[in-house]
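The values are calculated or read from the model by the stated rules, or taken from the named source; none is laboratory data. Just so it is clear, the model here is predicted, and its values are computed rather than measured. A quick note on method: Cβ atoms are made from the backbone with ideal geometry, for glycine too, and the neighbour counts reach across all protein chains shown.
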Amino acid sequence: MRLISILSNSKAYELLRTLQRDKSASTGLWLLIVFSIIVLFAPIIAPYGPNEAIPSLRLAPPGTPGHLLGLDHQGRDILSRIIHGTRLTVITAVTPVVIGALVALPLGLLAAWYERLGVLILRTMDVLFAFPMALLAILVTSSLGAGIINLLISLVIVLLPYYVRIVHQAAASQKALPYIEALRVSGTPVRTILFVELLPNVAPAAIVYGATVLGSIVVTAAGLSFLGLGVQPPLAEWGVMISEGRNVIFIAPHVAALPGAALTLFVIACNLLGDGIRDALDPRARATLSYQANLSK
Amino acid sequence: MIRLIINRIFATILVLIGVSFVVFAALHFSPGDVARTILGLGATEERVQALRQELGLDRPLLIQYWDWMMALLRGDLGRSISLGVPVSEVIFDKIWASLLLMGASFFLTVSFGLLFAALSGGYHRSLMDRLITLLMLLLASLPPFWLGIVLLIIFGLKLRIFPISGVGAMADDATLYVVAMHLILPAVTTAASSLAVVARVTRSAFIDEMGEPYVQSARARGLSQRRIISIETMRNVLPSFVTIAGLQIGFLFSSALFSEIVFNWPGIGLQLYLGIVQRDFPVVQGCVLAIAIVFVVGNLLADILSIALDPRRRG
């Protein structure tokens, strides 16, 4: 409830200030800002193009003059590929998190409003819950075929059950409140109640979930590309790069190790910020904070 | 309590029926003709049609599903296209390696998860707490397919402590020692992120408990911090620990899939991957189904255990 009132009173500013006070959350935020800058200006920052190859320097180690992080099995500059790869990695993770929320909001609202339809929707989601995340994503991509669009579709499907359950919970608790009753009695059309009155009050719950799950979606997205089910070579994407590097770990371990380090750093940033947002909006975490504040008085 | 458990079991059966339909439908709606895939592009149209008829692909979807389901209940999952043996045989052959890996990873997750939680949550805000929290953040963020490769490079290639491929673990003459040596790296890879999540959630439970009056009173009675953590609060932390540990089973399955591939561990995950690469639909179907069933049943058991452990729900 608190979480809902905080955001719906348009106090995103207050959230930002809370995050700023939280050291690890602001570290995550700053890291993500740096990653965003890399996404926007990748071609300018990267010293070489993502597929520009110098065959004579194949598998050259990090520290090779002009190539800080060395070169891969085709003689492509690894630093440049990591920088370019930021784009696809961010796109394949953020897009499904956003689209998943947009699909789940109406589903969750309808499920909360019409109880019979709700049972149907929630039971369907229960079935999707029965698959481990990566397994469901693999099932969908191997059925639809590899490629970026199918990767995005599969990740949306993976996220849906979690999102729908959260939106449904938030909407069901709002539905019992007097203001909804008043709207209903005054003859307000259902779609106005759902999408004008309820939506702003349940959206924050979905947004918070999206922020906390981003880290695992980054890993799953890169993992699918690693398996050859997502982004396809020769595109520069971290999962693809790790997969390609895996073939040469005996002679040039850096080819697989470096893009993975970038991936890990990105996931750490997502997790730091996600945890911070959850803590800032979770009444229980706040209670512990104020409890500690009282103790220190 | 018994009624609660029976309800859970009933709900689980419904979910399993749904799961079987999803698995069936997912590969059914996939673009491309299964019969064409089996026979290859060189086959004549008549042969493809004949095989479609033989496989029953020309009949209505629900009837096909019914037949498939009935066969499934008899343990018949069809025949692998690439291996030419029944899929049930393939799964039965591979599932032991996977269960072994899962068991070892689950053991690491719960034992180290609880240990780290007690060491950090029990000593909230100490240096140890901070270091463990940092370590858990790193573990939670490591992609399993990359962690596996890094461990492989460090411990397999550079230090040469552990073997780099898991195949040897399933040899007939493998001793316990050999199996354990093969198992360690894949199990650590699989457990890393789940272990971190378990530790973080259980740590909060410990911190909550530490603020309770009974802990104050225990402290007043002169009990040591170690005794308070390991005996007094442990009992109350257990329900949330069991719940979060149970929830990890799914993540463990996801990670195990990747570590099986990275370490060439001869389990269901590796078989699933090979099935996808070779477009061997019956194998993919069977492996996905097997993993989902183990997952759902594992969740059910964790649920029952947490009901049994929670005095409020025991009734």
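What the table shows:
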{"quantity": "Residue satisfying all of: in region A:157-184; part of a helix (DSSP H, G or I), among the aliphatic types (A, V, I, L, M) and without any contact (Cβ under 8 Å) to a residue 40 or more places away in the chain; farthest from the other protein chains (Cβ to nearest Cβ) among these", "calculated": "A:ALA182"}
{"quantity": "Residue check for B:GLY168: part of a helix (DSSP H, G or I) and away from chain A (no Cβ under 14 Å)", "calculated": "yes"}
{"quantity": "Test set (1) in a helix (DSSP H, G or I); (2) buried (at least 24 other Cβ atoms within 10 Å of the Cβ) - A:PHE131 fails condition number", "calculated": "(1)"}
{"quantity": "Hey, B:ALA180 over 30 Å from A:PHE131 (Cβ atoms) and under 20 Å from the mean Cα position of the chain (by Cα) or not", "calculated": "yes"}
{"quantity": "Hey, A:SER154 under 30 Å from A:PRO233 (Cβ atoms), in a helix (DSSP H, G or I), among the hydroxyl-bearing types (Ser, Thr, Tyr) and at pLDDT 90 or above or not", "calculated": "yes"}
{"quantity": "Residue match in region A:191-209 (condition: of a type outside the set (A, V, I, L, M, F, W, C) and in contact with a Cys (Cβ under 6 Å, 6 or more places away or on another chain))", "calculated": "no"}
{"quantity": "Total residues in region B:181-215, condition surrounded by fewer than 16 Cβ atoms within 10 Å (Cβ to Cβ) and within 16 Å of B:PHE106 (Cβ to Cβ)", "calculated": "0"}
{"quantity": "Close pairs from region B:15-36: first at the interface with chain A (Cβ under 9 Å from one of its Cβ atoms), partner at pLDDT below 75, Cβ under 9 Å, at least 6 apart", "calculated": "B:LEU27/B:VAL34; B:HIS28/B:VAL34; B:HIS28/B:LEU57"}
{"quantity": "Residues of region A:91-117 satisfying the condition of being away from chain B (no Cβ under 14 Å) and crowded, with 20+ Cβ neighbours inside 10 Å", "calculated": "A:PRO96, A:VAL97, A:GLY100, A:ALA101, A:ALA104, A:LEU105, A:LEU107, A:GLY108, A:LEU109, A:ALA111, A:ALA112"}
{"quantity": "Meets criteria (over 26 Å from B:VAL283 (Cβ atoms), crowded, with 18+ Cβ neighbours inside 10 Å and either of a type in the set (Gly, Ala, Ser) or within 13 Å of chain B (Cβ to nearest Cβ) (or both)) for A:SER142", "calculated": "no"}
{"quantity": "Condition check for A:SER143: outside any loop (DSSP other than H, G, I, E, B) and modelled with pLDDT under 90", "calculated": "yes"}
{"quantity": "Residue satisfying all of: in region A:236-278; touching a residue at least 24 places away in the same chain (Cβ under 8 Å) and assigned to a loop (DSSP other than H, G, I, E, B); farthest from the other protein chains (Cβ to nearest Cβ) among these", "calculated": "A:ALA236"}
{"quantity": "Residue within region B:261-270 that is among the aromatic types (Phe, Trp, Tyr) and at pLDDT 90 or above present", "calculated": "yes"}
{"quantity": "Residue that is surrounded by the most Cβ atoms within 10 Å (Cβ to Cβ) [pool: residues in region B:80-92 that are under 15 Å from B:LEU274 (Cα atoms) and not hydrophobic (A, V, I, L, M, F, W, C)]", "calculated": "B:SER80"}
{"quantity": "Qualifying position, being under 19 Å from A:LEU224 (Cα atoms) and more than 10 Å from chain B (Cβ to nearest Cβ), among A:LEU122, A:LEU151, A:LEU136", "calculated": "A:LEU151"}
